[in-house]
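Shown next, in structure tokens, is the structure this report addresses.
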Amino acid sequence: MSAEITTTDRFFAALTALTATRIVTPLTDAQRAMLSQDLPRAEVKVREQSGQKLSYVDGAYVIERLNAVFGFDGWTSVYGAPTIIQGERPVVYVQVTLRAMGVERGDVGVGLASRNTGDALETAIKAAFTDALKRAARTLGASLGLALYDKEQATVGYAFATQDIITAFDGARDLEAHKAAEE
């Protein structure tokens with residue numbers, strides 16, 4: 001006796017698979033605290049572009065921060081196919097969706113080739129992918145780059161360890177808590 005797979009079986013299998021990819025795991029208090037931290041000033045880089053000074057964070061920093069907050073296996077990024085606009089200096093666009101703990105953010109990245117060569121185009125493609133990830137990640141809070149969109153950069157500050165110490169002392173309501181913060 002052989003069992004046939006029915007349309008209903010296929011429907012429920014597809015529904016189960018879709019539901020499994022959409023399960024929302026609530027953020028822990030520690031993760032929320034990490035996302036609400038200021039962006040450390042030491043991570044902010046500055047470059048000149050079109051006569052303006054622009055602040056940015058490295059792509060490696062964003063990946064390290066995502067790993068620290070969500071774990072190396074707690075987030076993922078899915079990229080669309082890059083769009084390349086040919087010319088003397090090709091422009092590359094790519095879309096990304098960043099997923100972490102059931103939260104989904106998307107954005108687009110851009111890379112500009114210095115000239116129309118294979119090496120320059122490869123560099124532009126990499127730049128577009130990195131830009132897309134950084135732009136999507138910034139929507140998760142100041143410590144992932146959102147702080148740079150504030151002209152005064154009010155949420156750019158101390159290193160994470162220093163912020164943790166300040167938070168511990170601020171939360172100390174009795175002698176025991178104060179001694180714990182000192183440690």
Between VAL108 and ILE85, what is the label-to-label distance in nm when each label sits 7 Å out along the Cα-to-Cβ direction? 0.9
Label 7 Å along Cα→Cβ of THR25; the stretch 59-83 residues with amide nitrogen under 16 Å? 66-77
Give me the one-decimal nm value for the distance between modelled label points at SER36 and PHE72, 7 Å along each residue's Cα-to-Cβ direction. 3.0
Which value does Rg/Rh take for the stretch 46-112 over its C-alpha atoms, Rh per Kirkwood? 1.06
Using a 1.4 angstrom probe and counting only protein chains, how large is the accessible area of ILE84 in Å², to 10? 70
Two pseudo-spin positions, 7 Å from Cα along C-beta at VAL46 and at GLN153, lie apart in nanometres by 0.7
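The values are calculated or read from the model by the stated rules, or taken from the named source; none is laboratory data. All figures in this text were calculated on a predicted structure; none of them were measured in a lab. Cβ coordinates were reconstructed from backbone atoms using ideal geometry, including for glycine residues, and neighbour counts include every protein chain displayed. To get the accessible areas, we keep the full protein, side chains included, count just its heavy atoms, and leave off ligands, DNA and RNA. Shrake-Rupley method; radii C 1.70, N 1.55, O 1.52, S 1.80 Å.
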